[in-house]
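Structure first, commentary second.
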Amino acid sequence: MSLMRTAMLLAGMTALFGGIGFMLGGEAGMLIALAVAAAMNAFAYWNSDKMVLRMYRARPVDAASAPQLYGMVADLAGRAWMPMPKVYVIDNPQPNAFATGRNPENAAVAATTGLLNLLDRREIAGVMAHELAHVKNRDTLTMTITATLAGAISMLANFALFFGNNRNNPLGLIGTLLIMFLAPMAAALVQMAISRTREYAADDTGAEICGDPMALASALDKLEQGASRIDNEVAEDNPATAHMFIVNPLHARSMDNLFSTHPSMANRIERLRAKAAEMGGGGPARAAQPDPGGFRPAHQRGRRKGRGPWGQ
């Protein structure tokens, strides 16, 4: 259902670009806008992982520096029949996580120290499974295509504003002005709807990967509460990256409305509860996380010198 909805939204975005593009810029203007937007987003597609990880000062960890986290991701990747992604830890008190990379062979997952200190092992596994689901579902590619079309529509509106519109446009001056202002907004709405759809899909796939939907549901509840209380200054300075995170890192409305990049948390948790019932409970016994070195819940872990088993 999520895949079909995403396909329908992408088809709608393509139709929107085609119709608006021809009216505002004609065939030539439409092709120029698409080419420029595609070039910009192609660069982002190939380099965004490095740029975002550098932006958030993420540090790579391995089996030696973060045995529990690295071993958990390796186990989940194996369950998902995926290549092992690179694993990063971000020194940030806000509990959150994201995945990046253009394909499963060039992927990375990152978790903040706030998340690793807040959640227990089952919940961390649920979050990591969600992020691996984004990689498995190739959501980076989907959002790049969406961003290309949305960017092209906005560019066409700017072309029409500064260079004049297509003379064959039957809408007249008033209609053209309305399209110039409303088209980018419509494209942004579709883009955000696709982002919300991909979050639902990652929740569903992630629950299947870790085998414990209620662990992910519990994690989402804690993450939303934690993120609402703690600032993520880098995300606030770079709001365009907000859609990458498992919960909205910005202190804005979390309602499942047209202008939100993330679905309502209540809706996500309710879907995961239904998924757990469908899977026969999906309790801790079904979870598949390794326990190298002996596991202790987050609230029982004492402070240590140097890096701990989660890479903090």
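Only a single criterion out of (1) surrounded by 18 or more Cβ atoms within 10 Å (Cβ to Cβ); (2) outside any helix (DSSP H, G or I); (3) at pLDDT 85 or above; (4) out of contact with any Lys or Arg (no Cβ under 9 Å at 6 or more places or on another chain) is not satisfied by residue 268, namely (2).
Only residues that are surrounded by 18 or more Cβ atoms within 10 Å (Cβ to Cβ) and touching a strand residue (DSSP E or B) at 6+ places or on another chain (Cβ under 7 Å) were counted across segment 53-84, and they come to 8. Residue count for segment 221-237, restricted to those that are modelled with pLDDT under 95 and surrounded by 22 or more Cβ atoms within 10 Å (Cβ to Cβ): 3.
Condition check ((1) buried (at least 23 other Cβ atoms within 10 Å of the Cβ); (2) modelled with pLDDT under 80; (3) not in a helix (DSSP H, G or I)) across all residues:
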| site | (1), (2), (3) |
| --- | --- |
| 110 | yes, no, yes |
| 127 | yes, no, no |
| 132 | yes, no, no |
| 145 | no, yes, no |
| 150 | yes, yes, no |
| 156 | yes, yes, no |
| 166 | no, yes, yes |
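Against the definition (over 15 Å from the mean Cα position of the chain (by Cα) and at pLDDT below 80), how does residue 255 come out, yes or no? So residue 255 passes the test. For residue 218, state whether it is within 25 Å of residue 67 (Cβ to Cβ), among the hydroxyl-bearing types (Ser, Thr, Tyr) and either part of a loop (DSSP other than H, G, I, E, B) or modelled with pLDDT of 90 or more (or both). Considered against the rule, which asks whether it is within 25 Å of residue 67 (Cβ to Cβ), among the hydroxyl-bearing types (Ser, Thr, Tyr) and either part of a loop (DSSP other than H, G, I, E, B) or modelled with pLDDT of 90 or more (or both), residue 218 comes out as yes.
The values are calculated or read from the model by the stated rules, or taken from the named source; none is laboratory data. Not measured: the values here are computed from a predicted model. Cβ sites come from the backbone with ideal geometry, for glycine too, and all protein chains shown count toward neighbours.
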